[in-house]
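Worksheet: one structure, shown below.
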Amino acid sequence: MSGDNALNLPEDLKTRALENARQATPVEALAPLRQEALAALEGAAFPGRKTEAWKYTSLYALTDGHLAARAEGAAPEDLPRLSDYRLVLVNGRLDERHTTLPEGVSLGRRASRLEGLTTPFALYNGAALEDAVTLDVAANTDVSAPIQVLHVSAGDAPSHCNTRLEVNLAAGSRLTLIEQYLGAGPVLTNAVTAIQAADNARLTHYRLQADAGDSLHIGTLLFQQTGVSRIDSYQLMAGNRLRRNDVRAFLDKSGAELNMHGIFVARDRSHIDNQLCVEHRVPECTSNQVYRGLAGEKGRAVLNGRIHIHPGAKGTLAELSNKNLLLNPGAEIDTKPELEIYNDDVKCAHGATVGQLDALQQFYLQSRGIPLAEAKRMLSLGFVNELIMSLPDQTVADWAQPWLAAELGQRPGADEEAA
Amino acid sequence: MLEIRDLHASVAGQPILKGLNLTVKPGEVHAIMGPNGSGKSTLANVLAGRDNYEITGGEALFEGKSLAELEPEERAQLGLFLAFQYPVEIPGVSNMEFLKAALEATRAAQGKEEWDSVTLLRKAREACKQVDLDPQFLKRGVNEGFSGGEKKRNEIMQMLLMEPKLALLDETDSGLDIDALQTVAKGVNSLRGPERGIVLVTHYQRLLDYIVPDHVHVLSGGRIIKSGGKELALELEQHGYGWLTDDQNGGNDKEDRTA
Ligand SMILES: Nc1ncnc2c1ncn2[C@@H]1O[C@H](COP(=O)(O)OP(=O)(O)OP(=O)(O)O)[C@@H](O)[C@H]1O
Ligand SMILES: [Mg+2]
């Protein structure tokens, strides 16, 4: 029975997606994007069991009917505040009561990006959008305090929402953007964030994904560095029922620099699949990626790190490091660097490892009276500590530390299971 | 406080300790000497409860409790401390954080009052000073990139803070320069008292000039083959172990027959 379902699932999802898209009632400014995305969606296929890019992530959870309904729920009253400047999207719709933005940043209820957003879910996001937010940072503006964008999902029944943020950094502008995903309940958040940086723009970007374990998330994060710009992105992610993050970056002007740092944690039965793709399309760009993953209990994590260096992209510097830690043997992490290099004049380094907690380190801590569970937590935190210490904004670090401590904490009964 | 009777132990399935007897009473300092590979570190690790170091016969009692039945952390909480021959590096966990967790756990278990963070920091700085370790080392990862001698001093620093009932020092003198040897010896001596036991594993008589032992033992082939007073260490320095091990072979046969 489940076999039949799974077989029809890609078709079912597509039928649903097209139906929803045709019935959407978007704000006017979204019409052009919607039409283009809809046309592309008609020609797209949803992933099935044999789709290579979805090898480790089954969409079986979506047979619960998430695409059949749009999420209808209210956001909780007390939303976290990580900055004075904030905007809140609830199930993809801007909640205007919360909007406060600094000078030099203007807000539009529109979206227009299509290039690079090629997955069926990203296309569906564009085709079925009813609301969206674009932030334009004016040229030569240095926005002093971070802007926090909260994507909240809320709903009691299996349902979904499309949430979308586009950010354009004009020449010489500087911005710190904190994207935070929150939510509980069986809601699938289908997210797209597209960021474009012009010459001399500088972005510090955070992506905090700590939604509850029963939520689902499929999202694309897109960086387009059309100018000589620098982007530092910090991604902190907990696994949930289904989490799939596609991160795509285009380095399109010589001298552009992209640094991505990530921590992902899959505990209990949670799942997280990271698909990274960095495209060096012009000479002399730099990309540096450092990801650390942890999985415990029956948690499952995936990282696929693709670096694509195009024929003309001489003098490219590209690095990817992904170290992973299994907290117990029942957990699983699959990591794969994928290099496509079409010229000789590049410096490209990559490394991926999966290891376990070091028995001798555990014993050393225990020999000082520290209980095993606490020793494991300390060592797990130590494994990601370097990244946490490097977070440039203290408010985010203050949020991240207790979050991680809880994510890496002991699970009831875990030790008996491991023994 | 420590009673070891006819202890047999294996490391990763390999028998190493073969009928070891040792008794340490409160207030005593024992030195254990012996050739490389004779089982000195094995003994220390068995007592501290390292994984894969398995007691296969006999018993080891600490404060009347059978060590075999206790987790390593429980042994430490009872007041057992092992200064490692090779202290372990733990990048990402700061020395201070490590001390805090260790002292919270052991002091709570021992019913001692909790130290607030100000007190803890002050005590830790004092302990660093006592072993000539720059307090900056508190901020670094545990033993991370420490020199050999710094690692040893870091062990003694921890010991001073934890105030164990029984300290096992496994070659803490190896790799120390002459000044550091005196500093460390002073640190160890400051812990000496009627309630405490100390077991020193060493290859060098020199340490015993500074920390004068009540008893000296020779461990060879997994057993104590000779015990004596502090003068035994001088004898060993002059004559080596050869005359003892020859002797031991005869002794072994005899015991095997009676066993
Ligand atoms: N994991 C292991 N597997 C097999 N044999 C081991 C293992 N660990 C230790 N041994 C062996 O046990 C014996 C005793 O080692 P131990 O470290 O106790 O010696 P030691 O007396 O401390 O020597 P040293 O003076 O060199 O420090 C050695 O022969 C050693 O090779
Ligand atoms: Mg040894």
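The values are calculated or read from the model by the stated rules, or taken from the named source; none is laboratory data. Since this is a predicted model, take the numbers as computed values, not measurements. Counting neighbours? That spans all protein chains shown, and the Cβs are built from the backbone with ideal geometry, glycine included. Side chains included, ligands, DNA and RNA excluded: accessible areas come from the protein's heavy atoms. Shrake-Rupley method; radii C 1.70, N 1.55, O 1.52, S 1.80 Å.
Some notes on this structure:
- Residues of the stretch B:101-123 whose accessible area, computed with a 1.4 Å probe over protein heavy atoms, drops by at least 30 Å² once all protein chains are present relative to their chain alone are B:ALA101.
- Sparse packing (at most 14 other Cβ atoms within 10 Å of the Cβ) combined with a DSSP loop state is found for the following trypsin sites (Lys or Arg not before Pro) in the stretch A:1-91: A:ARG49, A:LYS50, A:ARG81.
- Carbon-plus-sulfur accessible fraction, the stretch A:329-407 (probe radius 1.4 Å, protein heavy atoms only): 52%.
- Using the Cβ-Cβ distance between A:THR25 and A:ALA139 with R0 = 25 Å, the FRET efficiency computed as 1/(1 + (r/R0)^6) comes to roughly 0.10.
- FRET efficiency, B:ASP177 to B:GLU235 (Cβ-Cβ, R0 25 Å, nearest 0.05): 0.40
- Accessible-area loss of 10 Å² or more (1.4 Å probe, protein heavy atoms, chain alone versus all protein chains) is found in the stretch B:23-66 for B:ALA48, B:ARG50, B:ASP51.
- Near-label residues of the stretch A:238-260 by backbone N, under 19 Å of a point 7 Å along Cα→Cβ of A:ASP64: A:238-245
- Amide H partners (placed H, <5 Å) of A:GLN289, local residues excluded: A:MET260, A:GLU319, A:LEU320, A:SER321
- Reported to the nearest whole Å, the Cα centre-to-centre distance from the stretch B:1-23 to the stretch A:166-195 is 62.
- Estimated FRET transfer efficiency (A:ASN343, A:THR118; beta-carbon r; R0 30 Å; 0.05): 0.80
- Computed magnitude of the charge dipole of the stretch A:52-154 (debye, nearest 20; Cβ of K, R +1, Cβ of D, E -1): 180
- The trypsin sites (Lys or Arg not before Pro) of the stretch B:99-130 that DSSP puts in a loop, and whose beta carbon has at most 13 other beta carbons within 10 Å, are B:LYS112.
- Element breakdown for the stretch A:1-84 at a 1.4 angstrom probe: carbon and sulfur atoms account for 48% of the accessible area.
- Under a 5 Å amide H cut-off, with hydrogens placed 1.01 Å from N, B:GLN85 pairs with B:ASP170 among residues at least 5 apart or on other chains.
- Reducing the stretch A:245-281 and the stretch A:47-98 to their Cα centroids gives an inter-centroid distance of 19 Å.
- Over chain A: helical MRE at 222 nm, DSSP H runs n ≥ 4 each giving -39500 (n - 2.57), nearest 500: -6500 deg cm²/dmol
- The A-B contact accounts for roughly 1900 square angstrom of buried accessible surface, both chains included, probe 1.4 angstrom.
- Taking the 1.4 Å solvent-accessible surface of the stretch B:2-258 as the whole, the part contributed by carbon and sulfur is 46%.
- Rolling a 1.4 Å probe over the protein heavy atoms gives the protein assembly as shown an accessible area of 41 Å² per residue.
- When shorter helices are ignored and each DSSP H run of at least 4 residues is given -39500 (n - 2.57), the per-residue value for chain B at 222 nm works out to -12500 deg cm²/dmol.
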